[in-house]
Amino acid sequence: CDTHLGALLCDLGAFDESRRTLQACIESLGTHPRGPFLAGAHAALARTLLATQRIAEAVAQMDAAMALLRAGDGQRDLAAALVLHARVLAAASQPGRAIDALAEARRLVDERGFDAMRSALHQAEADVHHRFALARPDGMTLPSPALHHGEAALAHGLRLTGWRARATLLDFLAERWAEAGDHERAYGYARRALAAKERETAQKMSYPLALL
């Protein structure tokens with residue numbers, strides 16, 4: 001099954017090919033015992049559908065992935081899926097379910113010590129707080145909850161060896177700081193986002209699948 005290829009195609013922006021690849025993967029795995037591989041394919045397809053704003057379909061795929069993961073014992077996979085599930089639910093205007101998913105993901109990350117997931121978790125929390133008026137997080141000192149979590153996402157990511165901030169996160173921070181009236185910080189992040197976009201474009205074009 002080509003789950004990793006489908007996810008890579010999504011990263012390269014080849015969304016139609018990614019969707020077809022992952023749908024074929026799900027069909028092929030359906031003839032085998034259900035488990036984490038099928039859940040991973042559903043989650044990868046949900047991410048592709050989210051990227052193309054096919055939100056209702058993404059919710060259905062994540063619901064299928066979550067059901068499979070809850071039937072197993074892969075806590076790391078479950079934590080990662082909960083983070084994606086929260087993003088999908090937020091896009092579907094379901095803040096209650098999104099908050100519940102984030103709370104469960106945070107509990108797993110804290111209890112199991114999945115520190116490498118903290119950046120992605122904070123990014124999802126930043127997205128949810130930006131979309132909806134929610135309670136301020138504990139210990140917040142920045143102008144908004146979205147900035148509190150966005151800056152935490154960047155800080156946690158930079159602690160990981162080889163991690164580089166994606167343009168989407170840097171753009172998000174630039175926009176939130178501009179909204180907060182700190183145009184100097186906003187400009188700094190905007191410049192970093194532009195450099196990240198140029199780097200990501202060069203990486204995509206250097207990969208043969210980018211030409212699909």
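Can you pull the accessible area of Ser144 for me, 1.4 Å probe, Å² to the nearest 10?
Ser144 has an accessible surface of roughly 30 Å² with all protein chains in place.
Short version: ³J(HN,Hα) in whole Hz for each residue of the range 87-103, in order, from phi by Karplus 6.51 cos²θ - 1.76 cosθ + 1.60 (θ = phi - 60°), x for Gly and Pro, what are they?
4, 5, 5, 5, 5, 8, 6, 10, x, x, 5, 5, 5, 4, 5, 5, 4
Restricting to DSSP H runs of at least four residues, report the calculated mean residue ellipticity at 222 nm for the chain, -39500 (n - 2.57) per run over all residues, nearest 500 deg cm²/dmol.
-24000 deg cm²/dmol
Give me the angle, in degrees from 0 to 90, between the Cα long axis of helix 15-29 and the longest principal axis of the Cα atoms of the chain, rounded to the nearest 10.
Orientation of helix 15-29: about 40 degrees from the principal axis.
For the chain, take the longest principal axis of its alpha carbons; what is the angle in degrees between that and the long axis of helix 55-70, to the nearest 10 within 0 to 90?
Taking the Cα atoms of the chain, the angle to 55-70 is about 70 degrees.
Taking just the C-alpha trace of the range 35-97, give me its Rg and Dmax in Å.
So, for the range 35-97, Rg and Dmax equal 10.7, 31 Å respectively.
Between Arg136 and Ala51, what length in nm is gained on full extension when 0.36 nm per residue of separation is reduced by their alpha carbon distance?
This chain segment gains 27.8 nm when fully extended.
Given q = 0.09, 0.10, 0.12, 0.13 Å⁻¹, what are the Debye log10 I(q)/I(0) values for the chain, with equal point scatterers placed on the Cα positions and solvent ignored?
The calculated log intensity ratios at q = 0.09, 0.10, 0.12, 0.13 Å⁻¹ are -0.37, -0.46, -0.67, -0.79.
What ranking do 47-54, 131-138, 110-117 get when scored by the average of other Cβ atoms within 10 Å per residue, highest first?
47-54, 110-117, 131-138
For a Förster distance of 30 Å, can you work out the FRET efficiency between the beta-carbons of Gln23 and Asp73, rounded to the nearest 0.05?
E between Gln23 and Asp73, to the nearest 0.05, is 0.65.
If you average 1/r over all unlike Cα pairs in the range 134-212 and invert the result, what Kirkwood radius do you get in angstrom?
13.9 Å
Between 0 and 90 degrees, rounded to the nearest ten: what's the tilt of helix 118-131 against the longest Cα principal axis of the chain?
70 degrees
Using a 1.4 angstrom probe and counting only protein chains, how large is the accessible area of His183 in Å², to 10?
120 Å²
Rounded to the nearest percent, how much of the accessible area of the chain (1.4 Å probe, protein heavy atoms only) is carbon and sulfur?
52 percent
With only alpha-carbon atoms in the gyration tensor, what are the semi-axes of the equivalent ellipsoid for the range 69-170, in Å, largest first?
With the √(5λ) rule applied to the range 69-170, the semi-axes are 20, 18, 12 Å.
Considering the chain as a Gaussian network with a 10 Å cut-off on Cα pairs, which listed residue, Pro95, Pro143, Pro36, attains the greatest mean-square fluctuation?
Pro143
The values are calculated or read from the model by the stated rules, or taken from the named source; none is laboratory data. Remember, predicted model here, so these are calculated numbers, not experimental data. Neighbour counts run over all protein chains shown; Cβ positions are idealised from the backbone, glycine included. Just the protein is used for accessible areas: all its heavy atoms, side chains included, with ligands, DNA and RNA removed. Shrake-Rupley method; radii C 1.70, N 1.55, O 1.52, S 1.80 Å.
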